[in-house]
Each structure stands twice: as C-alpha cells, then as structure tokens.
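Report on the following structure.
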Amino acid sequence: MRQQNLLMPTLREIPSDAEAASHRLMLRAGLIRPLAAGVYTYLPLGRRVLRKAEAIVREEMDRIGAQEVLLPAMQPAELWRESGRYDVYGPELVRLRDRHDREFALGPTHEEVVTALVRDEISSYRKLPLTVYQIQTKFRDERRPRYGLLRGREFLMKDAYSFDTDWEGLDATYRAMYEAYHRIFTRCGLNYRAVEADAGAIGGEGETHEFMALAEIGEDTVVACGSCGYAANLEKAEAAAAQQAQAAADGEAAPPLERWHTPDIRTIVQLTELLGPEASRLMKALLYLADGKPVAVMVRGVDEVSEVKVQRYLGADQLELADADTVQSVTGAPVGFAGPVGLNVPLLVDREVSALGKGIAGANERDYHYRHVRPGRDFSLAHTGYFREVRLGDRCARCDEPLTLHRGIEVGHVFKLDTKYSTALGAKATSISGTKQDIIMGCYGIGVSRLLSAVLEQHHDEQGIVWPLSLAPFHVHIVPVAVTDDAQRELAEELYGRLQAQGVEVLLDDREERPGVKFKDADLIGLPVRIVVGKRAGERVVEYKERQAPEAEQITVEEAVKRVLELVRPAASRDAK
Ligand code: ATP
Ligand code: MG
C-alpha cells in the first residue's frame, strides 16, 4: 500500500483526554477515531489489525471443529423474556422498538439466540456435539465506557457456544477451547495468564476461566503463584490459612468478655494505633444489604471483605454496604462500633476470624468495644467461610509459596453453562436410551477489539507502537528519504514490488515529506521492519531496522529481501500450524 493516499491521520500531539497508553497510540497512529463515548470508527490501519486478530481467532476455532455462523444483532425481547434476562440485564441492554412497537434488544451476547436455534434445529444426540462461533459486533451500554477499545459500548467479540449430551463431552469441548485460547493469545504475542474465575451471574456452579493480559491499566486483579502455577481472579482467589487455628489453645485461656471504653475510636487505623501488637487480634464487622436484607460479615482488621465471595455464598443478586441509618438500626450504635456479639442478623465469619482464639471487636454500643471476644463462644460460627480478599504476603494454598498480585485485562472467558439456557428455552435432545434431555452448554468469549488494546498496552515504547509480527498492519515499511531523488524512488519501488510479489505486506512511504516526519511516523505506527532508502541507493545499499532493534544496519537490497523473508515466512507457516 502506498502511504500518499492512505487514510492514516497520525497525530503529533498527545490526545489529552486519553488516559490509557493503548488508547493514545491508537488515536495517534491513526487506527481509530471516536464517534461517541465507547463507539469507534476503524480506519484502514486499525481495520487491518482487527482482521489479523480475527484471522487468528478463526483459524484456531476452525482447528477445533467449531463452525462459523453469524447471528442477528437485533433480537426480539420475547426471547430475552423466555430466558428471564430481559428484566435482570438492566440498563446495559440496548433496547429499542420497531415501527410496530415491538420490543427488541441489540445483542450484548447471544446465549438466547443460539439456544433457540439449536432447540429448533436439533432433536437427537446424533447431531451432537456441536460448537458454533461468530465474530460480531456486540452492544452494551456500559456505565463507564473508557480507555478506547478496552471498554466500548459497541465492540467486536468472538463468541462461541457448545452443545453436548453429557458432562464428559462438555469437559472435552471446554478443554479444547481452553487450549485454543492459549494458542490464540500466544500467537498475538500477549503476556497473559489463564485464571480461575468466579461464575458470577451468568451461570450456576460452572467451571470458568478468564484469560488476563497483564497490564497496569487492567481493571481486574490476578493472584498468581510463581511456583506451582496457580492463578485466579482476586474475586475467586483463596490463599493458605494466614494463621494456625488458635481457638483450642487460646480458648482455655480466654477470659470472659470485657467491655472496653473507646471514646471516639471508630476506625481500624485508630484502634490499631491504640492496641499496638495486639492489633493483630482485631476483628471488624461490616454490615451489608443483600437484596435489601441486612447481613454482617466478619473479617480480621487487616483484611478486606470480598463482596463477590459474600454475594456468591448468599446467592444474592445485589450486595451493597449498609448506610449509616441501617447500621444504627441493626446494631443500635453509630458506624464504627459494630460487632458480632448479640447481633440479630445473619453473621458470615471469615475463617481467619474463626481461627483467632480471641479478639477485639465492636460492642454495638457507642464508644465501646469488647476484648476477649471468643469465636464460637460469643458469636455463632454457623456461617464460616472464605470471605476475605487475598492480599500481598499471603501464601499459596497449594504449595505454600508467596503469592503475587497483578493487574489484568480480561481478554477472554470460557464458561461451563451447564443447562441454564437449554432448560429455560427448552433445548432438548433424545439420548441413546431414547429419553429427552436438556442439552449441556458452554460459552466462550474473546473481546477481539479489546485484545488490540491489551496488545498495545504491552507492545509500545516512547516512540510508538511495537507491533508483534502476527498483528502488524503491514510487515515492512519502506521509507525513501527523498522521493524526488530518482535513484531512491526507483530502488524503493523495486523493493516494494519484489517484497509484495513474495506475499510480504508492505507500506511504501511515497510522501514528499521531511525525513524527520517520515521517521517519526514510522516509529509511531511501529511496523516490524523499516527499510530506509537513502543516499546509498546508487550502490543498492539500504538501511534495515527491526522496530525493537537499537541500531539500523547498512545492507544490500538483496540481503534486505532475504532478511525480510526469513522473518515473515517462518512466522507465517508457524502461525498456520
Ligand atoms: P467485563 O468484566 O470486562 O465487563 P464481561 O465479564 O462483561 O467483561 P463477557 O460477557 O465474558 O465480559 O464477554 C466476553 C469478552 O468480551 C470479555 O472477556 C471481554 O474480552 C470482552 N468484552 C466485554 N465487555 C466489553 C466491552 N465493553 N468492550 C470491549 N470488550 C468487552
Ligand atoms: Mg461486563
């Protein structure tokens, strides 16, 4: 492609409202332009990269036998009512009415549509297993669209859905998909982790993994063990017990409850200062409203409550911290003095608290705490579980090595749905024995447009993008320093022709621009190889530089062609394997 007429509006200045590096780079390198919040146009360079990502995804989906379909974005509300999601999905669902006043939604995901399809088309186990996928625009009216393609309101997703007759079948499909995802993200040059995730609202107890690109801008936290490979989303992660259970030993020594006057001491920080070494025995009680009903959660003073774990334990649709009025009416005291003793609401106790032989907690009375609070004696341990968040300093539950925490971007998600949607929509197949059974499903997403942002978060330097070969919009950038110079122009054209004839994707900077401008643009758009044709064109010598290499090399055109083919060809055939 020739650059002169290419719609590639690069920007010198840094867009001030773009916080994420990937967002800034996409705007500056002329990959995308915004139309509305979370809604973007892909310019030619951006479109090319997107197609590369799509091609990798397609190859790996086809390789495991998934069949490509294209499902409608416009979906009747009726279908969403059948699954029960029309009302619960909330304002993220883009709703509209047609000219006959019929209600529709723009698909944020396609479980309903695909399950209805299979219900209507498949009735026997003989047609199963089946996996279909599509690469399609999704619509989600996100509360906070941001960071460019990282969280859009209109974005490109690959979504796949599997249909099996038995659990072993689902296991095998899930495994194949999981491995395909590893190949996809590896081919995209991503530094990522597959992490155990929380099944959340989509399904029941189903096994689920998220694929997290490691990046500071990420909204998720990944807990990882460098030793045994354990990795989980913070929402799901559990660590080894932080302390040995002291209950039995301490129990005998635990004196009776003692009221302790703590005027105006309401925070853990204040208590910690007051207590000194004894602060390790602090217990805090937090009050929540779970679907509107008050519950209390106890964790150690040093820990944070994991709201996801609490919500999951309670099976609640909504969980929020109780307001001051609720705290007052439930505990009889203002915020800051809540404690477990005598509380009249369900009490969830983190197991680190239950392992404390005795501790200090609020007394549900203004300006008072209790000392020598004994779990099991002074409050019930009926709801004991893992309700805290893993934190730095925790050790791996499997191998006891230290855990590390990283920020991550969720680029993919694999999920065992079980029969949630097939039951709701009546998708059944006859089994070998002749009985009708709900089909067992899985769903598998990749944020294809988000993936580009994740790649750019990891692949850039101060000058601009450093594309991995597999996603680069072109492989080679040929930059004649002065196109008005006959020798330079002719050699550049010759190289352009020869490389293209060999299937190499080449961008030729045929603009009459100052060399400084051309080089800056070349670094900004970051193609893997730059070949500058300059003063030594007459000798058929060019300047060859791989984007991440510190220095350029002076080599002959013949050598340059050879080097490019060595770089591009093995990668292409390796990718296709
Ligand atoms: P998130 O927690 O980031 O909102 P999600 O759990 O809602 O993601 P899924 O419903 O599992 O996402 O969608 C599948 C994939 O689609 C995600 O793994 C992610 O890569 C991508 N994705 C989800 N929402 C967006 C969005 N608003 N913009 C771009 N990509 C998205
Ligand atoms: Mg979401």
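Relative contact order, percent, of the chain when contacts are C-alpha pairs under 8 Å separated by at least 6 residues?
On the way: 1221 pairs, mean separation 96.8, N = 577.
Once normalised by length, the contact order is 17 percent.
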Charge dipole of the chain built from unit charges on the beta carbon (Lys, Arg +1; Asp, Glu -1), centred at mean Cα; most positive-end Cα among T484, V455, L356 is T484
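What's the ranking of 142-151, 498-507 by average number of surrounding C-beta atoms within 10 Å, highest first? Provide the component values of the computation, followed by the final result.
Values: 142-151: 19.6, 498-507: 16.9.
Highest mean packing first, the order is 142-151, 498-507.
Pulled fully out, how much extra length does the chain show between L405 and S329, if you take 0.36 nm times their separation in residues and subtract their Cα-Cα distance? Each step should come with its number before you reach the end.
Working: separation 76, 0.36 × 76 = 27.36 nm, distance 3.80 nm.
Value of the extension gain: 23.6 nm.
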In whole Hz, the Karplus estimates of ³J(HN,Hα) for the range 170-186 (6.51, -1.76, 1.60; θ = phi - 60°; x where Gly or Pro) are 4, 4, 5, 5, 4, 4, 4, 5, 4, 6, 4, 5, 4, 5, 4, 6, 5
Checking rank on 480-486, 420-426, 316-322, with mean other Cβ inside 10 Å and highest first, the result is 420-426, 480-486, 316-322
Spelling it out for A105: with amide H atoms placed in the peptide plane at 1.01 Å from N, the residues 5 or more places away or on another chain with amide H under 5 Å from its amide H are Q75, A77, L96
The alpha-carbon center of the range 103-118 and that of the range 1-78 are separated, in whole Å, by 24
Taking every C-alpha to C-alpha distance in the chain and binning by 20 Å from 0, the per-bin percentages run 17, 40, 31, 11, 1
Compactness check, the range 260-301: C-alpha Rg relative to the 2.2 N^0.38 Å globular estimate gives 1.39
For K127, counting only aspartates and glutamates whose alpha-carbon sits under 15 Å away and dropping same-chain residues fewer than eight positions off, the answer is D164, D166, D438
Distance in nm between A36 and R2 label points, each 7 Å along Cα→Cβ, equals 3.9
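By its C-alpha gyration tensor, with a ≥ b ≥ c as the square roots of the eigenvalues, how is the range 246-385 shaped: rounded for a/c under 1.5, else prolate for a/b larger than b/c, else oblate? Walk me through the numbers before you get to the answer.
Numbers: a/c = 1.75, a/b = 1.27, b/c = 1.38.
Oblate, because a/c is 1.5 or more while a/b does not exceed b/c.
Over the range 263-349, what relative contact order in percent results from Cα pairs under 8 Å that are six or more residues apart? Each step should come with its number before you reach the end.
Numbers: 123 pairs, mean separation 26.5, N = 87.
Relative contact order for the range 263-349 comes out at 30 percent.
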So, relative contact order of the range 166-240 in percent, Cα under 8 Å, 6 or more apart, is 27
Unit-weight point scatterers at every alpha-carbon of the range 15-104, Debye formula, q = 0.19 1/Å: log10 I(q)/I(0) is -1.00
Whole-Å distance linking the alpha carbon centroid of the range 378-407 with that of the range 432-454 is 31
With every protein chain kept in place and a 1.4 Å probe, the chain has an accessible area per residue in Å² of 45
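Can you tell me which of 545-552, 331-338, 556-563 comes out highest on packing, and rank the rest after it, using the mean Cβ neighbours within 10 Å? Present the calculation step by step, with values, prior to reporting the outcome.
Details: 545-552: 13.1, 331-338: 19.9, 556-563: 16.4.
The packing order, highest mean first, is 331-338, 556-563, 545-552.
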For the pair A77 and A55, the simple spin-label estimate (label points 7 Å beyond Cα toward Cβ) gives in nm 4.3
For T262, the residues 5 or more places away or on another chain with a placed amide H closer than 5 Å to its own amide H are Y368, H369
Taking protein heavy atoms only, a 1.4 Å probe, and rounding to whole percent, the accessible area of the chain owed to carbon and sulfur comes out at 49
Rounded to whole angstroms and listed largest first, the alpha-carbon spread of the range 476-576 along its three principal axes comes to 40, 26, 22
Taking 0.36 nm per residue of separation between I432 and E273 and subtracting their Cα-Cα distance, the length gained on full extension comes to 50.4 nm
For Q463 and R12, extending 7 Å from Cα along the Cα-Cβ vector and measuring point to point gives, in nm, a value of 1.9
For D291, placing the label point 7 angstrom along Cα-to-beta-carbon and taking the range 316-338, residues whose amide nitrogen sits under 15 Å are 316-320
Out of V345, Y544, F104 - ranked by how far each Cα lies towards the positive end of the dipole of the chain, with unit charges on the beta-carbon of charged residues - the top one is Y544
The set of residues whose placed amide H lies less than 5 Å from the amide H of G376, leaving out same-chain residues fewer than 5 positions away, is L381
Applied in sequence order to the range 464-472, the curve 6.51 cos²θ - 1.76 cosθ + 1.60 (Karplus, θ = phi - 60°) yields integer Hz couplings, x standing for Gly and Pro, of x, 6, 10, 5, x, 3, 5, 10, 4
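When all alpha-carbon pairs of the range 86-168 are counted, what percent fall beyond 22 Å? Can you show the working numbers first?
Numbers: 1440 of 3403 pairs.
Tail fraction, whole percent: 42.
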For the chain, cysteines with no other Cys Cβ under 4.7 Å from their own Cβ are listed as C188, C443
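The values are calculated or read from the model by the stated rules, or taken from the named source; none is laboratory data. Only a predicted model underlies this, so the values are computations on that prediction, with no experimental measurement involved. Methodologically, a virtual Cβ is constructed for each residue, glycine included, from the backbone with ideal geometry; neighbour enumeration extends over all protein chains shown. For the accessible areas, the whole protein counts, side chains as well, though only heavy atoms, and no ligand, DNA or RNA atoms are used. Shrake-Rupley method; radii C 1.70, N 1.55, O 1.52, S 1.80 Å.
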